[in-house]
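Taking it in order: structure first as structure tokens, then the write-up.
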Amino acid sequence: MRPELASKISKNNFHYSINEGEHMVSLNKGKECVFVTFDSNGISKCSIEMAFREGKTTFLKPISCHLYPIRVKSFVEFEALNYEEWDICKKACDLGEKHNVPVFRFLKEPLIRAFGNDFYNELEIVSNELEKKA
């Protein structure tokens, strides 16, 4: 984690509510998440996820972060998954487009974590059918 942002985080104040039951982590001056760090290539990484992958914590990041840039909105009878376009994701989106990797495939792990294998497999089926029609 970047030392200059660590001081902005306290044990009880690292997220805020955007809707009832929906939380986001705090942003650094309205820009990137306070938990973002950058590798030697300038690629942004989540310090919470890095700590999890290195075995330093048992907590993976919040599901809303893991799914980003997909946002989930709950309605009475269903949940809607929407892509949130933000400049911070532009380089990743450009790379995904170059390698023909749609957002849902890039987010396979968090989609399965949130909605299960059956849901993800149905996404693949729908995607394949749409590709056939194109």
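What follows is calculated from the coordinates using simple rules that are stated; it is not laboratory data. If you're wondering where the values come from, they're calculated on a predicted model, not measured in any experiment. No Cβ is skipped: glycine too gets one built from the backbone with ideal geometry, and neighbour counts run over all protein chains shown.
Search region 31-69 for residues being among the small types (Gly, Ala, Ser) and assigned to a loop (DSSP other than H, G, I, E, B), and hand back the single one that is farthest from Ala114 (Cα to Cα).
Step by step, filter region 31-69, then rank; the result is Ser40.
Which condition number in (1) hydrophobic (A, V, I, L, M, F, W, C); (2) without any contact (Cβ under 8 Å) to a residue 12 or more places away in the chain; (3) exposed (fewer than 14 other Cβ atoms within 10 Å of the Cβ) is the one that Phe115 fails?
Phe115 satisfies every listed condition except (3).
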